[in-house]
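Remarks on the structure that follows.
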Amino acid sequence: MKSFQDLKHYFPFLIFFTCFWAGCTEPVNVPGLDAQANQLVVDALFTTENRVHIIYLSRSTAITNANFPEETRATVYIIDDQNNRIDFIEQNPGSYFSPTVAAQQGRTYTLHIITNDGKRYVTPPQVLPNAPAPIKSLVAVDGSGVDDDGNAVDFAQVEVTFEDPADEENFYYWYWQSNTTEQFGIPDLTWGSAAENDELFNGNELVFTLDEEFNRSLDQYVKVYQAEVSQDTYTFLDNLKRQANSGQVPILPPGQPLVGNLTNQDNPNELVLGYFVLANVTSATVKLTP
């Protein structure tokens, strides 16, 4: 099975797109670029894990602006199909925290955002996907070797093994982090990630290798989440991966802007960047042996 490119910074790639031009020494005139500034950027992941969840809000910015403003003082909440409301409270600028809560099987969830200037954004109702295939094994394998300069390199790779259910379409999303202890924080923008569908391995056992080399002298543990997401969510993540791998900035010409699943209720033509990801998850942790 082929490996997949690390999407560790896929949302910062959207949010902080001026970094793409950080190495430029001459001004670059990109038609329509400034018109794409000051758009709402949403990074929202809500899962079946019983924990605090965080929604990040910010604004896109013109290439001439070195600041990346957070979207502060917004009202952020999720409502399910039984009219239960989950409020997200801003604890850091642009970072909105839920209470300890988990998405429930069979429920439908809608994200609402009201910005400080009164604009209302909403997603279509999102149905929680079925549970993902269980992780059969999570192992660290030796990836040591010699680099192009003849220097010895010592690292580990992590393999996830699972049995894909037959006769159904599945859309997988993985995200992972390494740490010196078995204690891991709330998943955020620093975690690695990848997405894939089961078109090429439907009904078969798959060994998925995380596309990251782990330094065993620094990292001792790796935690991996395996998630089931909707087809629309997968399509967004896959298109984002493809544009990132092609060297395009996803919201700049010549690539088409990646439209998320939030809309301005009063102005449906407004482009909103980012996505509300609803995921059914399982997880496992592996120790990296020296």
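Scanning segment 185-203 for residues that are over 28 Å from Ser98 (Cα atoms) and in a loop (DSSP other than H, G, I, E, B) yields Asp198, Glu199, Leu200, Phe201, Asn202, Gly203.
Scanning segment 237-277 for residues that are buried (at least 21 other Cβ atoms within 10 Å of the Cβ), at pLDDT 95 or above and not in a strand (DSSP E or B) returns Asn261, Leu262. Suppose the filter is within 30 Å of Asn202 (Cβ to Cβ), free of Cβ contacts under 8 Å to residues at least 24 places away in the same chain and over 20 Å from the mean Cα position of the chain (by Cα); does Gly150 pass it? No: the conditions fail for Gly150. Of the residues making up segment 122-129, not a single one is assigned to a loop (DSSP other than H, G, I, E, B), hydrophobic (A, V, I, L, M, F, W, C), modelled with pLDDT of 95 or more and farther than 30 Å from Tyr96 by Cβ.
Among the residues of segment 209-234, those that are within 28 Å of Gly106 (Cα to Cα), of a type outside the set (Gly, Ala, Ser) and touching a strand residue (DSSP E or B) at 6+ places or on another chain (Cβ under 6 Å) comprise Lys223, Val224, Tyr225, Gln226, Glu228, Val229, Gln231, Thr233, Tyr234. Within segment 80-89, the set of residues being more than 20 Å from the chain's Cα centre (by Cα) and part of a strand (DSSP E or B) comprises Asp80, Arg85, Ile86, Asp87, Ile89. For the residues Ala166, Ala194, Ala156, the requirement of being aliphatic (A, V, I, L, M), under 27 Å from Gly145 (Cβ atoms), in contact (Cβ under 8 Å) with a residue 12 or more places away in the chain and in contact with a Gly (Cβ under 7 Å, 6 or more places away or on another chain) singles out Ala156. Selection of segment 185-196 for residues being surrounded by fewer than 17 Cβ atoms within 10 Å (Cβ to Cβ) and of a type outside the set (Gly, Ala, Ser) yields Ile186, Asp188, Leu189, Thr190. Among the residues of segment 106-116, is any assigned to a loop (DSSP other than H, G, I, E, B), charged (D, E, K, R) and either on the phi > 0 side of the Ramachandran plot or under 23 Å from the mean Cα position of the chain (by Cα) (or both)? Yes: one or more hits.
Residues that are of a type in the set (Val, Ile, Thr) and at pLDDT below 95 were ranked within segment 184-214; the one that is nearest to Lys241 (Cα to Cα) is Thr190. Would you please name the residue that is surrounded by the fewest Cβ atoms within 10 Å (Cβ to Cβ), looking only at residues in segment 165-184 that are touching a strand residue (DSSP E or B) at 6+ places or on another chain (Cβ under 6 Å) and in a loop (DSSP other than H, G, I, E, B)? Among those residues, the one meeting the criterion is Glu182.
The values are calculated or read from the model by the stated rules, or taken from the named source; none is laboratory data. Just so you know, these numbers come straight off a predicted model, no measurement behind them. Here Cβ is always computed from backbone atoms with ideal geometry, including for glycine, and neighbour counts include all displayed protein chains.
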